[in-house]
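Since the structure comes first, as structure tokens, the remarks are kept for the end.
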Amino acid sequence: MAKKITVIGTGYVGLISAVGLADFGHTVIGVDIAQTVVDKLNNGQPHIFETGLRDYLQKNLNSGRLKFSTGIADAVQASEVVFISVGTPPNQDGSADLSQLMRVVEEIKQNISGYKVVVIKSTVPVGTNRTVFKLFKTNGCDVDVVSNPEFLREGKAIQDFFHPDRIILGVESERARAVMEDIYRSLYLIQTPCVWCNLETAELIKYCSNAFLANKITFINQMANLADAVGADIHDIAKAMGMDGRISSKFLHPGPGFGGSCFPKDIKALVTMGEKHDVDMSLVREVIHANEAQKQLMIKKLALMLGELKDKTIAVLGLAFKAETDDVRESPAITIVTGLLKEGCRISAHDPVAMQNFSRLFPDLKFCRDEYEALQKADALIICTEWNEYRNLDLEKAKLTMKGNIILDTRNLLNRERARELGFTYKGMGR
Ligand code: UDX
């Protein structure tokens with residue numbers, strides 16, 4: 001049966017969920033504190049860049065099942081189910097900052113009438129769902145709390161919402177389970193596996209999945225560095241490793257280090273959780289160090305290729321933490337640009353969609369119209385993000401445009417044989 005749902009927080013996870021749940025046939029109010037965001041969304045303009053989102057947003061606004069509001073009280077009162085998807089950014093010590101979540105819980109508590117299911121989608125430390133449940137219960141609220149962590153990838157969020165590998169549902173009452181079955185009926189019908197478990201298990205599944213993937217990337221990055229040192233080819237190695245079904249070929253692409261809004265934050269939170277419970281998290285802690293070292297290594301590699309960084313002009317292609325997104329949070333390009341500027345380099349930067357966000361961090365950087373403008377008179381080129389348009393860079397034109405002949409391709413995008421034929425000194429990752 002279709003439900004009346006409120007989704008609180010219209011960031012990446014909340015907005016995609018609101019649009020997706022409306023598409024499943026539910027009536028959804030997306031709530032955000034920012035009036036400008038709400039106005040834009042009601043006009044069909046997403047405030048984030050996400051492939052396919054604009055169309056789905058418009059389609060569901062047109063259906064009348066989706067709207068956005070700043071009025072949390074009215075939305076909660078009108079809904080049977082309340083999803084919470086507010087941010088849980090890291091505190092100074094790496095633990096998750098739950099202040100936004102707790103403020104929302106407080107507001108929900110004040111507007112409860114009758115039975116409601118509160119679904120926490122935000123990534124929260126283990127134990128948070130139960131704490132929230134107890135808070136509702138001690139206030140006499142007739143509420144069930146469900147932990148339903150989200151695994152959306154930026155850039156593929158719409159596709160991931162409609163075709164997830166699995167749905168994780170930390171549910172501890174039959175009544176709430178029946179509600180969640182209704183909510184995800186559309187995915188049930190396409191046989192998406194559901195994992196029903198207790199609250200703590202659901203919370204930890206999210207952290208374990210992200211930490212494992214962060215581990216896998218860090219592993220292949222270090223092996224790529226070793227392959228470089230011994231003259232092996234990491235692509236062949238990753239391909240052969242991936243043929244082992246126990247390993248799988250995904251997430252074995254070496255690069256300048258992982259970034260984004262999830263992995264860096266979640267692994268830090270996992271380490272703090274381990275410390276709190278006196279459990280050894282040394283493996284995850286090492287991933288944090290190794291990933292930082294990987295980003296720094298890109299600067300060292302470039303310095304080795306150029307001999308001296310001071311006064312060199314560097315074209316930086318790719319500022320987003322990965323392709324298909326304008327998100328620059330924890331992007332390796334931030335570390336690389338910071339390091340290069342510190343060494344006295346001049347930078348010409350380009351990204352197909354992330355320049356605006358990057359310019360908030362580096363307002364004085366030279367941002368270029370296209371990749372060739374960035375290459376003008378450059379001594380070296382460093383590619384930081386795996387945008388498709390960079391794969392097809394016209395190397396002959398690049399050779400004519402650049403002053404120098406150095407290419408550091410941290411995503412292994414370019415045709416290295418062709419680059420070398422044209423006289424470039426080319427280095428990739430582990431090849
Ligand atoms: C991730 C998880 O995949 C998602 O399930 C979770 O809910 C949120 O965090 P996202 O941050 O959007 O999603 O990006 P993802 O595609 O996982 O990439 C993360 C980072 O790892 C990027 O910086 C990417 O460039 C890097 N990466 C990924 C690699 O360097 N090599 C790889 O093989 C894969």
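One Cα centroid belongs to the range 132-191, the other to the range 268-330; the line between them spans 33 Å. Note on residue 219 and residue 233: the model spin-label points, each 7 Å out from Cα along the C-beta direction, lie 2.3 nm apart.
Solvent-accessible surface of the chain, averaged per residue with a 1.4 angstrom probe and all protein chains in place: 45 square angstrom. Just to check, using Stokes-Einstein with a Kirkwood Rh over alpha carbon pairs, what's the diffusion coefficient of the range 242-427 at 20 °C and 1.002 mPa s in µm²/s? This corresponds to a translational diffusion coefficient of 123 µm²/s.
Both the radius of gyration and Dmax for the range 70-128 are 12.5, 39 Å, in that order, over alpha-carbon atoms. Label zone (residue 77, point 7 Å along Cα-to-C-beta; backbone nitrogen cut-off 19 Å) within the range 1-35: 4-8, 28-33. Size descriptors for the chain, from the alpha-carbon set: Rg then Dmax equal 23.5, 74 Å.
Given +1 at the Cβ of Lys and Arg, -1 at the Cβ of Asp and Glu and no other charges, the dipole of the chain around its Cα centre is 340 debye to the nearest 20. Using the Cβ-Cβ distance between residue 415 and residue 43 with R0 set to 60 Å, the FRET efficiency works out to roughly 0.85. What's log10 of I(q)/I(0) for the range 173-298 at q = 0.11, 0.16, 0.20, 0.22 Å⁻¹, Debye sum over Cα points only, no solvent? Here the Debye-derived log intensity ratios amount to -0.54, -0.92, -1.12, -1.22. Surface composition of the range 110-181: carbon plus sulfur atoms hold 47% of the accessible area, using a 1.4 angstrom probe and ignoring ligands, DNA and RNA. For the range 1-86, the dipole from Cβ point charges (+1 on Lys and Arg, -1 on Asp and Glu) about the Cα centre works out to 160 debye, to the nearest 20. The ellipsoid equivalent to the alpha-carbon distribution of the range 1-134 has semi-axes of 24, 18, 13 angstrom, derived from the gyration tensor eigenvalues as √(5λ) and listed largest first.
Remark: the residue 93-residue 391 segment gains 103.4 nm on full extension, using 0.36 nm per residue and subtracting the alpha carbon distance.
Helix hunt in the chain: which complete DSSP H runs extend at least 30 Å axially by C-alpha with mean Kyte-Doolittle at least -0.5?
Those that clear 30 Å and a mean of -0.5 are 199-230, 282-306.
Cα convex hull, the range 390-431: 62 Å³ per residue, rounded to a whole number.
From most to least packed by mean Cβ count within 10 Å, the peptides 52-59, 109-116 give 52-59, 109-116.
My understanding is that a pair violates if its Cα-Cα distance is over 27 Å; which of 216/403; 206/276; 239/268 do that in this structure?
From the list (216/403; 206/276; 239/268), the Cα-Cα distance tops 27 Å for 216/403; 239/268.
For a paramagnetic label modelled at 7 Å from the Cα of residue 188 toward its Cβ, which residues of the range 125-160 fall within the zone defined by backbone nitrogen distances under 18 Å? Only 146-148 fall inside the zone, counting backbone N under 18 Å. For the chain, the relative contact order works out to 12 percent when only alpha carbon pairs closer than 8 Å and six or more residues apart are counted. Modelled this way, with points 7 Å down the Cα-to-C-beta line, the labels at residue 139 and residue 212 are 3.6 nm from one another. The protection proxy used here, the mean number of other Cβ atoms lying within 10 Å of each residue, ranks peptides 311-324, 279-292 as follows, highest first: 311-324, 279-292. Reachable lysines from residue 4, Cα under 16 Å, same-chain residues fewer than 8 places away excluded? Hits, sequence-local ones excluded: 67, 116. Charged side chains reduced to their Cβ positions (Lys and Arg at +1, Asp and Glu at -1) give the range 4-197 a dipole of some 200 debye around its Cα centre.
Provide the gained length on full extension for the span residue 165 to residue 360, in nm with one decimal, where the gain is 0.36 nm per separating residue minus the Cα-Cα distance. It would help to have the intermediate numbers written out before the result.
Details: separation 195, 0.36 × 195 = 70.20 nm, distance 3.53 nm.
So the extension gain works out to 66.7 nm.
For the peptides 179-188, 294-303, residues were scored by their other Cβ atoms within 10 Å and the scores averaged per peptide; the highest-first order is 294-303, 179-188.
The values are calculated or read from the model by the stated rules, or taken from the named source; none is laboratory data. Not measured: the values here are computed from a predicted model. All Cβ positions, even for glycine, are placed from backbone atoms using ideal geometry, and neighbour counts span all protein chains on display. SASA here: full protein model, heavy atoms, side chains in, ligands and nucleic acids out. Shrake-Rupley method; radii C 1.70, N 1.55, O 1.52, S 1.80 Å.
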